[in-house]
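Scroll down for the structure; my scribbles are underneath it.
The values are calculated or read from the model by the stated rules, or taken from the named source; none is laboratory data. Note that the structure is a prediction, hence the values are computed from the model and not measured. Here Cβ is always computed from backbone atoms with ideal geometry, including for glycine, and neighbour counts include all displayed protein chains. Protein only, heavy atoms only, side chains kept; ligands, DNA and RNA dropped before computing areas. Shrake-Rupley method; radii C 1.70, N 1.55, O 1.52, S 1.80 Å.
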Amino acid sequence: MTTDILLVGTGALATLFAARLSEAGHSVSMLGTWKNGLKALQENGARIVDSNGNERAYKVRATDDPREVSGAKHALVLVKSWQTERAARQLKESLADDGLAITLQNGIGNKETLIRDLGTGRVSLGITTTGATLVGPGLVKMGGEGTISLEQNQALGPLEAALRSSNFNLQIVDDAKSLMWGKLVINAAINPLTALLRITNGELLSRPLARKVMSALARETAEVAKAEHVHLPFSNPVDAAEDVARKTAANMSSMFQDVRRGAPTEIDAICGAVTMHGRKHGIQTPYNRACWQLVGQIANLTYA
């Protein structure tokens, strides 16, 4: 059974999802604003290159006009967190009245931003640890097979089936907020340091000072999560962060990729969010605050 699926975004993960879903026979539309990405997707399809350099292309529909994809029943939001407000405005025009938008973004606060425009019943939370590197517009390299976790929702049926048919590792969970904060712990510990030091995830483990700071970032974020009454999916945040860095040793984090290509980063929704939530509870988060400011300064210099 084929399903019509709308992907909001034209970056690395959106291109990866588009290719996998299209390969499985589903009808995929992509909604974005990046002109080079849209042009490449329209002309060449969503392309994946494997570890041997072999490239495969899959047909997708790509547009910057929400009206061209109106009436969408299932939408996956795969844009950067700083683009969520724009995505919400686009979805307001394209999502069906009984449609469901699932955020699979980094950071926290994306679901709330979408709900402001779409309403509570039309937004659901998801988390993915799948990695991808954008090689060029419309061309992506797989960065490691992760897991997609979606919170329970009665409207998920067709989308769940489509993702499973596309060979994604999928699980339906009762407490997606726990996994969201668990991912935030990992992202806060790894992403800003790799962006600042311009190194792969695994190199953090071989540099004693970087490893010490990574541990501090993980502990701070876990402390804030506890204050938010979130039960994390692991007992030791430092071990969890180091385990991910080890398993994704060759990967460049998404924040490192953003800094390399001069694009805005998600630092506000990661270390910035930890800092602000910590302040609300009277918790000091000096390491997250420092990374928030430092990465923000790099970003300002890069794309001011």
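A few remarks follow.
- The charge dipole of the stretch 82-187, taken about the Cα centre with unit charges on the Cβ atoms of Lys, Arg (+1) and Asp, Glu (-1), comes to about 300 debye, rounded to the nearest 20.
- Modelled spin labels at ASP65 and LEU209, positioned 7 Å past Cα toward Cβ, are 5.5 nm from each other.
- Global geometry of the chain, whether rounded, prolate or oblate, following the gyration tensor of its Cα atoms and the 1.5 cut on a/c: prolate
- Per atom type, the stretch 38-160 shows carbon and sulfur on 43% of its accessible surface, probed at 1.4 Å.
- Once the chain from GLU228 to ASP98 is taken as fully extended at 0.36 nm per residue, the excess over their C-alpha distance is 43.7 nm.
- For the stretch 181-250, accessible area per residue (1.4 Å probe, heavy atoms of protein chains only), Å²: 45 Å²
- Accessible area of MET142 (1.4 Å probe, protein heavy atoms only, ligands and nucleic acids ignored): about 60 Å².
- Computed lengthening from SER27 to GLN42, 0.36 nm per intervening residue step minus Cα-Cα distance: 4.0 nm
- Once the trypsin sites (Lys or Arg not before Pro) in DSSP loops with at most 15 neighbouring Cβ atoms within 10 Å are cut out of the chain, the longest remaining piece is 60-197.
- Entry comment: accessible area of the stretch 1-67 is 47 Å² per residue, from protein heavy atoms only and a probe of 1.4 Å.
- Sorting ASP97, ASP258 on solvent-accessible area from highest to lowest, probe radius 1.4 Å, gives ASP97, ASP258.
- Whether the stretch 54-112 is rounded, prolate or oblate, judged on the alpha carbon gyration tensor where a/c under 1.5 counts as rounded: oblate
- Using Cβ point charges alone (K and R +1, D and E -1), the dipole size of the chain about the Cα centre works out to roughly 680 debye.
- Here GLN297 and LEU197 are evaluated by their C-beta separation; at R0 = 22 Å the FRET efficiency comes out at 0.90.
- Fully extending the segment from LYS247 to ASP174 would add 23.7 nm, taking 0.36 nm per residue of separation and subtracting the current Cα-Cα distance.
- Stretch in the chain that is longest and holds no GluC sites (Glu not before Pro) that DSSP places in a loop and that have at most 14 other beta carbons within 10 Å: 1-144
- Split the accessible area of the stretch 168-259 by element, probe 1.4 Å, and carbon with sulfur accounts for 53%.
- Listed residue (ILE199, ASN236, VAL185) projecting farthest to the positive dipole end of the chain, Cβ model: ILE199
- Averaging Cα coordinates gives a centre for the stretch 228-287 and one for the stretch 71-118; these two points are 22 Å apart.
- For the stretch 1-146: rounded, prolate or oblate by the Cα gyration tensor [a/c cutoff 1.5]: prolate
- Here the stretch 1-83 is treated with +1 on each Lys and Arg Cβ and -1 on each Asp and Glu Cβ, and its dipole about the Cα centre works out to around 80 debye.
- Solvent exposure ordering (accessible area, 1.4 Å, most first) of TRP34, TRP82, TRP181: TRP82, TRP34, TRP181
- Cross-link table LYS80/LYS141; LYS39/LYS80; LYS73/LYS141; LYS177/LYS247; LYS59/LYS141, entries beyond 25 Å C-alpha to C-alpha: LYS73/LYS141
- Over the chain, dividing the summed -39,500 (n - 2.57) contributions of all DSSP H runs of at least 4 residues by the number of residues returns a 222 nm mean residue ellipticity of -14500 deg cm²/dmol.
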